[in-house]
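The values are calculated or read from the model by the stated rules, or taken from the named source; none is laboratory data. All of these numbers come straight from a predicted model, not from anything done at the bench. Cβ sites come from the backbone with ideal geometry, for glycine too, and all protein chains shown count toward neighbours. Only protein heavy atoms, including side chains, enter the accessible area calculation; ligands, DNA and RNA are left aside. Shrake-Rupley method; radii C 1.70, N 1.55, O 1.52, S 1.80 Å.
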Amino acid sequence: MANTTGIIFDIKRYSINDGPGIRTTIFFKGCPLHCLWCHNPEGISFKPQLMHRPSRCIQCGRCVLVCPQKALEIQDKKVVISWEKCTGCGRCVIDCPSGAMELVGKSVTVDEVMKEMIKDIVFFDQSGGGVTFCGGEPLAQPEFLYELLSRCRAMDIHTTVDTSCYAPRGVLERIIDKTNLFLCDIKHPDSAKHYEWTGVENAIILDNIRFLAQKKKPVIIRIPVIPGFNDQPETIKSIGTLVAHMKNIHQIDLLPYNTGGQSKSQRLGKSYKMSGIQEPSGLNIKELAAVLRTMGYKVHTGG
Ligand code: SF4
Ligand code: SF4
């Protein structure tokens with residue numbers, strides 16, 4: 001149905017890192033995982049959220065006056081937000097003259113998203129690109145995703161779903177024939193460790209990846225390389241071993257941890273658990289890539 005709605009937090013055009021060719025990437029808002037290193041913390045909650053940029057604030061005080069929840073005050077020439085009171089209504093965003101208040105996430109219809117996507121259809125055709133659905137977790141909004149995939153299929157637009165694979169099997173079964181390519185994260189081979197760092201165990205994820213293999217669906221495995229979590233050669237080798245028998249794995253991507261989630265978390269009023277952790281060195285990533293290449297995989301490194 002054209003009027004099916006979903007919540008997204010961004011649409012990026014001309015993306016070249018989310019699948020083949022030039023792509024438009026749709027960021028679904030809401031994710032069942034809580035990875036400590038999350039690079040897109042604005043994608044975790046399923047609701048619109050306030051983001052505050054102190055560097056843009058001119059301390060005019062308008063937001064304080066209009067907030068219906070009395071969640072704002074100015075102390076020592078700074079806006080102080082009582083995040084637990086904020087409902088994300090967006091009233092302060094409208095009145096802020098300097099862009100210091102921003103609302104992340106909005107409800108959109110399938111028609112509205114399609115209208116954006118087809119703007120670049122000529123680039124998709126020329127570059128072998130298409131549309132990528134990521135997040136957050138696209139499988140967590142199954143009806144919205146299904147409708148978008150169906151519309152893309154009807155227009156012969158290549159589709160990629162970038163997913164944690166943490167979803168009921170039925171969701172994957174429903175979309176598999178409408179999806180050209182899956183980008184599937186494997187974050188850690190050990191379930192207890194996976195739980196400790198992401199909030200969920202890995203059994204459902206690995207089971208879904210096996211299902212995609214049975215269906216011979218093209219998959220690129222993505223490994224976020226997180227210092228202290230999975231950046232050891234033996235851990236990466238274990239992940240390579242887990243999928244070694246799967247003929248549908250086209251490539252493995254190593255995505256180095258970056259600290260981008262820290263400032264976003266601060267702007268959302270969230271704590272950041274990875275403070276002080278350094279980004280992995282190029283040498284470390286090269287070493288991990290070599291481990292996988294030795295196992296026969298095509299490996300891509302970087303975002
Ligand atoms: S989003 Fe709404 S509730 Fe939250 S601080 Fe702004 S005006 Fe107040
Ligand atoms: S309205 Fe905007 S610029 Fe004015 S105090 Fe609030 S956040 Fe700062």
Checklist entry - Under a GNM of the chain (C-alpha, springs under 10 Å), which listed residue has the highest mean-square fluctuation: Lys217, Lys77, Lys270? => result Lys77
Checklist outcome for this item: In degrees, nearest 10, the alpha-carbon axis of helix 203-214 is tilted away from the dominant principal axis of the alpha carbons of the chain by 50 degrees
Item to check | Per residue accessible area of the chain, 1.4 Å probe, in Å² | outcome: 48 Å²
Checklist entry - Based on the Kirkwood radius over alpha-carbon pairs, what value in µm²/s does the Stokes-Einstein equation return for the translational diffusion coefficient of the range 49-104 at 4 °C and 1.567 mPa s? => result 119 µm²/s
Item to check | Most to least accessible of Trp37, Trp83 (protein chains only, probe 1.4 Å) | outcome: Trp83, Trp37
Checklist entry - Can you pull the accessible area of Val171 for me, 1.4 Å probe, Å² to the nearest 10? => result 20 Å²
Checklist outcome for this item: With all protein chains present and a 1.4 Å probe, the order of Asp125, Asp231, Asp207, Asp253 from largest accessible area down is Asp125, Asp207, Asp231, Asp253
Checklist entry - Mind checking the dipole of the chain: about its Cα centre, +1 per Lys or Arg Cβ, -1 per Asp or Glu Cβ, Debye to the nearest 20? => result 260 debye
Item to check | Largest to smallest accessible area among Thr301, Thr109, Thr132 [probe 1.4 Å] | outcome: Thr301, Thr109, Thr132
Checklist entry - How big is the antiparallel share of DSSP beta bridges in the chain, given as a percent to the nearest 5? => result 40 percent
Checklist entry - Hey, could you pull the Cα Rg and Dmax for the chain, both in Å? => result 20.4, 62
Checklist entry - Leaving out ligands, DNA and RNA but keeping every protein chain, what accessible area does Tyr195 have, in Å² rounded to the nearest 10, with a 1.4 Å probe? => result 130 Å²
Item to check | Furthest towards positive pole of dipole, Asn40, Ser107, Trp83, structure part the range 1-156, Cβ charges | outcome: Trp83
Next on the checklist: Quick check: net charge around Ser265, other residues with Cβ under 10 Å of its Cβ, Lys/Arg +1 and Asp/Glu -1?
Outcome noted: +3
Checklist entry - Heavy-atom accessible area of Leu103 with all protein chains present, probe 1.4 Å, nearest 10 Å²? => result 60 Å²
Item to check | Long pairs among Lys78/Lys264; Lys187/Lys298; Lys29/Lys119, criterion Cα-Cα beyond 28 Å | outcome: none
Checklist outcome for this item: Given the candidates Thr241, Asn230, Gln251, the one whose Cα lies deepest towards the positive end of the charge dipole of the range 194-258, counting +1 at each Lys or Arg C-beta and -1 at each Asp or Glu C-beta, is Gln251
Checklist entry - Among Thr160, Thr198, Thr24, which one moves the most in a GNM of the chain with springs linking Cα atoms closer than 10 Å? => result Thr198
